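Data block below; observations after.
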Amino acid sequence: MKVSQRERETLTGPAAVGIVVGIFCAVFTVAFDSDYGEALASGWSTTCDAILSLVAGFALAFVPFGLVPVLVGRVRSGAGNKGG
């Protein structure tokens, strides 16, 4: 899939914000697990929780504010239509 300059600019901001949100979510997850989940969580459990929250935080910021506008723009411009 070819990405135009305009679409690249649309995706860059939400990607950066998504990374920051994901990092905050991962840090908060590790902090919460270290304070309240000590008896329940092992090291691998905390690591998996942090990775999951990092990915979820990124997706929650990137999909609605980056990916959806690009896809809607492609559909409206007719780039998704292959037939004539």
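Computed from the coordinates by the stated procedures, all read-outs in this text should not be read as laboratory data. Just so it is clear, the structure is predicted and the values come from calculations on it, not from any experiment.
With each run of n ≥ 4 DSSP H residues scored as -39500 (n - 2.57), what mean residue ellipticity at 222 nm is computed for the chain after dividing by its residue count and rounding to the nearest 500 deg cm²/dmol?
On the way: 3 runs with 62 residues, N = 84.
Taken over the chain, the calculation gives -25500 deg cm²/dmol.
So how much slack lies between residue 68 and residue 55, counting 0.36 nm per residue of separation and subtracting their Cα-Cα distance, in nm?
Extra length available between residue 68 and residue 55 comes to 2.9 nm.
What does the extension gain come out to for residue 28 and residue 75, with contour length at 0.36 nm per residue minus their alpha carbon separation?
13.2 nm
Take every Cα pair under 8 Å in the chain that's 6+ residues apart, average their separations, divide by the length, and report that relative contact order as a whole percent.
43
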